[in-house]
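Only one structure is covered here, and it is reproduced in the block below.
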Amino acid sequence: MINVLPIATTVLAALLSIEPLHLDSYAVLTPAFTLMATYHWTIYRPDFLPAPSLFLIGTIQDLLSGGLPGETAVTLLLARAIVLPQRHYLVAQPFPFIWAGFTLLTGGAILFSWALHSLLAEELLDLRGPVLRTVLTISAFPIASFLLGRSQRALIGAD
Amino acid sequence: MRISPARRAAIERTSVTLLVVVSAAMIIAGKADQVAFQYLRNSVMDAAAPALDMLSRPAAAFDAAADRLRGFITVYRDNVRLAEENERLLGWQQVAMRLSAENAELRDLAKLVPDPAISFVTARAIGDSGGAYARNVIVNAGRDNGVARGQAAMTGVGLVGRVAEVGSRAARILLITDLNSRVPVVVDGTRQRAILAGDNSARPSLRYVDSGGTIRIGDRIATSGQGGVFPPGLPVGVVATVDSEGARVEPYAALSRVDYLRLVDYGLAESLPNPLAISARAGKRAESAVGGPPTLRR
């Protein structure tokens, strides 16, 4: 069971990120759920969330959201490439360190997306939305991390 | 078989690099040719529709419960307001009936060809674009329910967007606020035409305004029917700001939280450019040009 959990939760994160929550402007500010799942599993179980699965999940999310196909895939793959070499260090750290690492990663990822869209639109796009989205993503990470960690432990117990 | 750590690292590097290159190629291809991914998008949308539908239910149910609670709290005030409104509307009903009769008479006199029959499908939003750079929603009705490309998506109060992509059981609505949305509009009560252009902000802007006229805050904007995608006269919004860069329109419909949508078929959908033979199109137009009351398909 434990070996499908990372992929299953990341797929769920992709679906959640396009769920309408009936909140004002939520679509613009939806936290980057897939990035949370990718970061968590790349630290704790990178073998069960390999690069091709990140590519597929990212692509599916882009096709569903009607966004630029490939954007989320690139973001998740780069996140993996950055986090994977640090995982032996991170895995032994207390949560605040992990959270700080995620803060850096999210800032980078959302700035990357903003730069990409600005480049394609050939103008500097409004940064307020992306900044708010970064704040929401970072604030939501502890909850996501807690839920992912709990599900991981529950399944280890079951196996 | 155990793979050595060095070998594993090499495999990891190669696969990540390769996949990043493929994704980058997809970004470029997707930007250059919007249609290239349409088939793929439709298939993924169709496949994910049941899961999205299920996942969106708790939020929708919560929303409904909150609405009901609000209703309980405001029931007395609402009742007073509705009674007043009813009184006023009864007066309007008289006016409408008189005008309708007069209109029918005049149409008869002028031998006017009746408007095509209007039918609509009500659908629920099950997906919202999760990004800062596009404005669209996925609804839980598709080709099987009679949804077709180009149909107008409305709420009770105004235009929301148009059906851009159709799967068999889900469809994607391009909102009028999206960067790619362009709607020919007219200032209500005048002949002043403009193009309502979305730019991903909450208020689309008016471009290519006819020279000579002025646009003022509070002017009502409706579709002009030019280009043939939308019928004329659909309410869109009111002019909210006017400055040196032009006017911006506040849509009537709350686009940032779309819930239920009416996808309306005005018999014009086939005028969107698509690979359909001209003769087939002409035939369909003639066939749908039958008057009648709106019918509910679903």
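The values are calculated or read from the model by the stated rules, or taken from the named source; none is laboratory data. From a predicted model like this one, the values you see are computed outputs, not experimental measurements. Cβ atoms come from the backbone with ideal geometry, glycine included; neighbour counts cover every protein chain shown. For accessibility, only protein heavy atoms count, side chains too; no ligands or nucleic acids. Shrake-Rupley method; radii C 1.70, N 1.55, O 1.52, S 1.80 Å.
Here are a few things to note about the model shown:
- Residue match in the range B:164-175 (condition: under 26 Å from B:Gly246 (Cα atoms) and open to solvent by 10 Å² or more (accessible area, probe 1.4 Å)): yes
- Criterion: of a type outside the set (Lys, Arg), facing another protein chain (nearest Cβ under 9 Å), touching a helix residue (DSSP H, G or I) at 6+ places or on another chain (Cβ under 8 Å) and free of Cβ contacts under 8 Å to residues at least 60 places away in the same chain - qualifying residue of A:Leu15, A:Leu49: A:Leu15
- Condition check for B:Ser181: modelled with pLDDT of 85 or more and among the small types (Gly, Ala, Ser): yes
- Enumeration of residues in the range A:94-118 that are within 10 Å of chain B (Cβ to nearest Cβ) and closer than 24 Å to B:Leu18 by Cα: A:Ile110, A:Ser113, A:Trp114, A:Leu116, A:His117
- Test: B:Arg162 is within 13 Å of the chain's Cα centre (by Cα) and assigned to a strand (DSSP E or B): yes
- Test: residue in the range A:119-139 that is aliphatic (A, V, I, L, M) and under 12 Å from the mean Cα position of the chain (by Cα): yes
- Qualifying residue in the range A:81-93 (condition: facing another protein chain (nearest Cβ under 8 Å) and at negative phi): yes
- Residues satisfying the stated conditions in the range B:232-258, i.e. more than 14 Å from every other protein chain (Cβ to nearest Cβ) and open to solvent by less than 20 Å² (accessible area, probe 1.4 Å): B:Leu234, B:Val236, B:Gly237, B:Val239, B:Ala247, B:Val249
- Residue selected from the range B:259-271 under the condition at pLDDT below 85 and under 24 Å from B:Gly225 (Cα atoms), by the criterion farthest from the other protein chains (Cβ to nearest Cβ): B:Gly267
- Exactly one residue out of B:Ser56, B:Ser15 is more than 30 Å from the chain's Cα centre (by Cα), closer than 30 Å to A:Gly58 by Cβ and either surrounded by 13 or more Cβ atoms within 10 Å (Cβ to Cβ) or not charged (D, E, K, R) (or both), and it is B:Ser15.
- When the range B:18-53 is filtered for residues that are surrounded by 14 or more Cβ atoms within 10 Å (Cβ to Cβ), over 24 Å from B:Leu179 (Cβ atoms) and more than 8 Å from chain A (Cβ to nearest Cβ), the ones remaining, listed by number, are B:Leu18, B:Asp46, B:Ala47, B:Ala49, B:Asp53.
- Filter pass, A:Gly129 being within 24 Å of B:Arg257 (Cα to Cα), crowded, with 24+ Cβ neighbours inside 10 Å and facing another protein chain (nearest Cβ under 7 Å): no
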